[in-house]
Amino acid sequence: MSEMKNKTLRFMAVGDVVGKNGLSYIQKNLWHIRSRYNVDICIVNGENSAPGNGITKESAETLFVSGADVITTGNHVFRRAEVYTYLDDKTTVLRPANYPPSCPGFGSGVFELCGVRVLMMNLLGNVYMESLEDPFVTAQRILDREKGGYDIAVCDIHAEATSEKLAFAHHFDGRIDIVFGTHTHVQTNDAKILPGGTGYITDLGMTGPEDSVLGVKKEIIIKRFMTKMPSRFEEADGETVFCAALFDYDTVTKKVCGAQTVCLKDR
Ligand SMILES: [Fe+2]
Ligand SMILES: [Fe+2]
């Protein structure tokens, strides 16, 4: 590890940025939020950052210039075909590592940020989602492969079931330093440090229109539940909610020493 001025490094993980609403909020506010909370390293889930869902080169580049250091994704990552070559080129935009190796992009990477080598990985849960390789197996393989080559390991587990995310975090407690969940777009109130030292939250929540169902116009989703008929999703608008979590990493003890949620409302 190279020399550092700060004893503590603060990571901020930002929940799924949804559509125009979420992306323009990030554009306007992320650098201010970074300085207000003294954030050193910022990870943003961008799987819904393109208009109409998915991620594009344009939405990813907007996230980067707005303050993201690394972008993670999830089950919507391959929605836009125009992003595939970008995923192959841009190592700091991750797609879940347990997709087949033939898929575009990378599932993990080691990035030198603020003088530490950060192993960042992205995984997709298997419960109530597309059945991919077991995320426990994939994560273990990445840890084995990268052993000795990183100072801190961070994982975005993009999954539906709270039990799968919590079990994953407990299994890797003390071996992956920070585990945060994404995908549900609803923030959980359980940011904490697990017994083995891993900083954890079940779900970060989303950055997008608050008066909605997970970012989509609520009337459309209500109708879909009541009629069981398919319908075209449209992004909601209105006030934005910004959901994230902060994890503090002590570079001397090499342990996570703080975990807390952030939820800002643009009123
Ligand atoms: Fe999402
Ligand atoms: Fe998702």
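From zero outward in steps of 5 Å, how is the percent of C-alpha pairs of the range 127-194 spread across the bins?
Once binned at 5 Å, the Cα pair distances of the range 127-194 give 3, 14, 29, 25, 16, 9, 3, 0.
Please list, in chain and number order, the residues 5+ apart from residue 259 or on another chain whose amide H is under 5 Å from its amide H, with Hs placed from the backbone.
Excluding prolines and chain starts, which carry no amide H, the hits are 248.
If you average the sequence gap of Cα pairs under 8 Å that are 6 or more apart and divide by the length of the range 14-60, what percent do you get for the contact order?
48
State the Kirkwood hydrodynamic radius of the range 98-169 in Å, one decimal place, computed from all pairs of distinct Cα atoms.
With all distinct Cα pairs of the range 98-169 included, I get 12.9 Å.
Ordered by packing density, taken as the mean number of other Cβ atoms within 10 Å over each peptide's residues, highest first, how do 109-115, 222-228, 72-78, 122-128 rank?
Ranking, from highest mean packing down: 72-78, 122-128, 109-115, 222-228.
What's the FRET efficiency of residue 175 with residue 79 using the Cβ-Cβ distance as r and R₀ = 25 Å, to the nearest 0.05?
Once rounded, the FRET efficiency stands at 0.20.
May I ask you to derive the relative contact order of the range 1-90, considering only C-alpha pairs under 8 Å and at least 6 residues apart, and to give it as an integer percent?
Relative contact order, the range 1-90: 29 percent.
Going by Cα centres, the range 194-229 and the range 238-255 are how many Å apart?
Distance between centres, Cα-based: 20 Å.
Looking at the chain only, what percent of DSSP beta bridges run antiparallel? Nearest 5 please.
Taking every DSSP beta bridge within the chain, about 55 percent pair in antiparallel fashion.
Let's see if you can work this out: charge +1 on each Lys and Arg Cβ, -1 on each Asp and Glu Cβ, no other charges. What is the dipole magnitude of the range 76-164 about its Cα centre, in debye to the nearest 20?
It comes to approximately 160 debye.
Between residue 61 and residue 137, what is 0.36 nm times their sequence separation minus the Cα-Cα distance? Round to one decimal in nm.
Gain in length upon complete extension: 24.2 nm.
Using label points projected 7 Å from each Cα along Cα→Cβ, tell me how many nm separate residue 219 and residue 110, to one decimal.
Computed distance between label sites residue 219 and residue 110 equals 5.4 nm.
For residue 95, what residues show an amide H to amide H distance below 5 Å, using hydrogens built from the backbone and excluding near sequence neighbours?
Sorted by chain and number, the residues that satisfy this are 106, 107.
I need the Kirkwood Rh of the range 203-267: take the reciprocal of the average 1/r across all distinct C-alpha pairs and report it in angstrom.
Roughly 14.2 Å, rounded to one decimal.
Nearest 5 is fine: what % of DSSP beta bridges in the range 110-206 come out antiparallel, could you say?
25
What ranking, highest mean first, results for peptides 184-190, 11-17 when packing means the other Cβ atoms within 10 Å averaged over each residue?
11-17, 184-190
Enumerate the whole-percent occupancy of each 10 Å bin, from 0 to the last occupied one, for all C-alpha pair distances of the range 140-267.
Result, from short to long distances: 13, 34, 28, 16, 8, 1 percent.
Between 36, 79, 117, which gets the highest mean-square fluctuation from a Gaussian network model of the chain, Cα cutoff 10 Å?
Top of the fluctuation ranking is 36.
Across the chain, what fraction of all alpha-carbon pairs, as a whole percent, falls in each successive 10 Å bin from zero upward?
7, 32, 38, 18, 3, 0, 0
How big is the range 1-92 in terms of Cα radius of gyration and Dmax, in angstroms?
13.9, 44
Every read-out reported here was derived from the displayed coordinates using simple, explicitly stated rules and does not represent laboratory data. Since this is a predicted model, take the numbers as computed values, not measurements. Here the Cβ is made from the backbone with ideal geometry for all residues, glycine too, and neighbour counts use every protein chain on show.
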